Amino acid sequence: MRILYCALKHDYGIPSQGFSYEHENFYSTLLRMPGTELEYFPFDEVLQAVGRRRLNLQLLDAVQRVRPDLCFFALFTDEITQETIRKITREGRTITFNWFADDHWRFGFYSKYWAPLFHWVSTTDNDAAEKYLSIGYETVIKTQWASNSEMLCEPTGEHLKYDVTFVGQPHSDRRKIITQLKRLGVSIECWGKGWPNGRVSQQQMMKIYRESKISLNFAGSSPSLGWEPIAKIFLTRRLNNQLRLNRPREMIGQLKALAGPRHPQIKARVFEIPGAGGFLLTSQADGLTDYYVPGREIAVFDGPDDLVEKVQYYLSHDQEREAMRRAGYLRTQREHTYEKRFKDIFRTMGLPN
C-alpha cells in the first residue's frame, strides 16, 4: 500500500523543540509496517522553505507523482488549504484521511468544517459519532491514542530511580497538587515546559516512566483563561507565524469552546506509561475503562485527596504495584499499539493490511 503521509515533522513546527508527536509515533509506525511504501510530506518544513501557496502546489504535485493509495493527513490549522484537500479527494485516485485530535473541544470551530473534505476521518472523542452525524458526515472512525511499539519495554521492577514523576505542563491545579504531595513528604520530580527540569524528548520520557515507581497523568485540558485564548477567538496563527482573521462561524465556535466546559479526556500518556513499563496513576476520563481495568492494570484517582491516598498506598505496596505494572504493559502490548490502531483503521476503510 502506497501512502503519502502529510503532517508536522517538528513540535508545533519549531525545530528547536524536537520532533513532533506525530513524527515520533505516526510516521515511525507507518514506516515500519510491512507492506507499506511511505512518502513523507512534512508540511511545516515545506511551509518554512517555500511559503503557503507553493506548499499547496507541491502537495498536489506529490500526489500526481506518488499516486498513493492513501493520503494520510494530521492537520494543524489551515496551512494546507481546503481547496487543495477537496481537489485531491474529488480526483478519486487516492483515499483521503485525517486524524483529528481534541474533538472534545475543537470540533465546533475546526473539525466540523474540515471533515467533509476527506473520504474518512478519525477521532478520539467518545461522543464523536453524534457530533459528526449532526453535520451529515458518516465516515468517521472512533480510535484512540496508543503506544509506539518501538518504545515498549517489559517492566522488571529493577533500577527504580524515582518514587513519583510527572511529565507535562503545570497548568490548571497541577502545580498546587504537586506542591501538596511534596509537603506531605512525597519525593516527586516533574518535567515539561514550565518546570525547572524543562522539556524532555520522547526517549527520555519513556526512560523516566521505566525508572519510576509511580507515573502521574492528569486528564484535564488546559484552562481557557488569559489573553491568548481570547485572541484565538478572532485570530488564527499559522506555523509560519502569519495571522489571519477568523471567519464569523469560527469566532462563534471558538467562543463556545472558551465558555463551555472541557471534559477530562484520554491522552497519549495513558498508553505511553504502561507501554514503557511504568505504573500509571491517572485521573478519571470518559471511556478509560474501555482500555484498561482500574485496580488491575492501572490505578485511577478521583480528586486531589484520593490522589494523595493512592500515592501513599502504592508506594508502600510494592508487590501489588509491580503486578499492575506488568498487567498494564501486557494489555498495551496486546491491544494498544499504533500498528494495531492503523490496521483497524485501514481495514475499516477497505484498504489492504
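The values are calculated or read from the model by the stated rules, or taken from the named source; none is laboratory data. Just so we're clear, the structure is a prediction, and the values are computed from it rather than from any experiment. Note: ideal-geometry Cβ built from the backbone for every residue, glycine included; neighbour counts use all protein chains shown.
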Self-check item: Residue list for the range 221-250, filter: surrounded by 12 or more Cβ atoms within 10 Å (Cβ to Cβ), part of a helix (DSSP H, G or I) and either under 24 Å from the mean Cα position of the chain (by Cα) or at pLDDT 80 or above (or both)
Solution: Pro229, Ile230, Ala231, Lys232, Ile233, Phe234, Glu250
Practice problem: Say whether the condition of being assigned by TED's automatic domain parsing to the domain that holds Asp173, in contact with a Ser or Thr (Cβ under 7 Å, 6 or more places away or on another chain) and more than 30 Å from Ser16 (Cβ to Cβ) is met by at least one residue in the range 313-329. | Solution: no
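Being in contact with a Gly (Cβ under 8 Å, 6 or more places away or on another chain) and within 21 Å of Asn241 (Cβ to Cβ) narrows it down to one of Phe76, Phe43, so name that one. Steps first, please.
On the way: Phe43 fails: in contact with a Gly (Cβ under 8 Å, 6 or more places away or on another chain).
One residue alone meets the criteria, Phe76.
Give the residue that is surrounded by the most Cβ atoms within 10 Å (Cβ to Cβ), with candidates limited to residues of the range 1-53 that are of a type in the set (Ser, Thr, Tyr) and in contact (Cβ under 8 Å) with a residue 40 or more places away in the chain. So that I can check it myself, show each step before the final result.
So the first thing to find is which residues in the range 1-53 are of a type in the set (Ser, Thr, Tyr), and the list is 5, 12, 16, 20-21, 27-29, 36, 40.
Still in the list and also in contact (Cβ under 8 Å) with a residue 40 or more places away in the chain: 5, 12, 21, 28-29.
Working: Tyr5: 22, Tyr12: 11, Tyr21: 17, Ser28: 17, Thr29: 20.
Within the range 1-53, the match that is surrounded by the most Cβ atoms within 10 Å (Cβ to Cβ) is Tyr5.
Can you pull out every residue in the range 174-192 that is charged (D, E, K, R) and closer than 23 Å to Gly275 by Cβ? Please lay out each step first, then the result.
Kept after step one, since they are charged (D, E, K, R), are these residues of the range 174-192: 174-176, 182-183, 189.
Result: Arg174, Glu189.
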Self-check item: Cβ-Cβ under 6 Å pairs, at least 6 apart or on other chains, the range 103-122 side free of Cβ contacts under 8 Å to residues at least 40 places away in the same chain and within 20 Å of Arg93 (Cα to Cα), far side polar (S, T, N, Q) and part of a helix (DSSP H, G or I)
Solution: Leu117/Gln82
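Please specify each residue of the range 295-324 satisfying the condition of being assigned to a loop (DSSP other than H, G, I, E, B), of a type in the set (Gly, Ala, Ser) and within 16 Å of Asn217 (Cα to Cα).
Gly295, Gly303
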Quiz item: In the range 252-299, how many residues are closer than 30 Å to Ala231 by Cβ and touching a residue at least 60 places away in the same chain (Cβ under 8 Å)?
Solution: 16
Quiz item: Out of all the residues in the range 168-176, is one or more at pLDDT 95 or above and either at negative phi or loosely packed, with under 15 Cβ neighbours inside 10 Å (or both)?
Solution: no
Quiz item: Does at least one position in the range 76-94 carry a residue that is within 20 Å of the chain's Cα centre (by Cα), buried (at least 16 other Cβ atoms within 10 Å of the Cβ) and either without any contact (Cβ under 8 Å) to a residue 12 or more places away in the chain or under 30 Å from Arg210 (Cβ atoms) (or both)?
Solution: no
Practice problem: Pick out the one residue from Phe346, Phe301 that is more than 22 Å from His159 (Cβ to Cβ) and touching a Lys or Arg at 6+ places or on another chain (Cβ under 6 Å). | Solution: Phe301
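Residues are listed down the side, and each one gets a yes or a no for (1) under 13 Å from Ala276 (Cβ atoms); (2) out of contact with any helix residue (DSSP H, G or I) (no Cβ under 9 Å at 6 or more places or on another chain):
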| position | (1), (2) |
| --- | --- |
| Asn148 | yes, no |
| Ser172 | no, yes |
| Arg199 | no, no |
| Tyr209 | yes, no |
Quiz item: In the range 284-294, is there at least one residue being part of a helix (DSSP H, G or I), modelled with pLDDT of 80 or more and under 18 Å from the mean Cα position of the chain (by Cα)?
Solution: yes
Exercise. List every residue pair whose Cβ atoms lie under 7 Å apart, where the two residues are 6 or more positions apart in sequence or sit on different chains, the first residue falls within the range 156-173 and is in contact (Cβ under 8 Å) with a residue 24 or more places away in the chain, and the second residue, located anywhere, is basic (Lys, Arg) and part of a loop (DSSP other than H, G, I, E, B).
Key: Gln169/Lys193
Exercise. Return a yes/no flag: does the range 189-201 have any residue that is buried (at least 16 other Cβ atoms within 10 Å of the Cβ), within 17 Å of Leu281 (Cα to Cα) and either at pLDDT below 95 or in contact with a Leu (Cβ under 6 Å, 6 or more places away or on another chain) (or both).
Key: no
Quiz prompt | Residue among Ser111, Ser16 that alone is small (Gly, Ala, Ser) and modelled with pLDDT of 95 or more | solution = Ser111
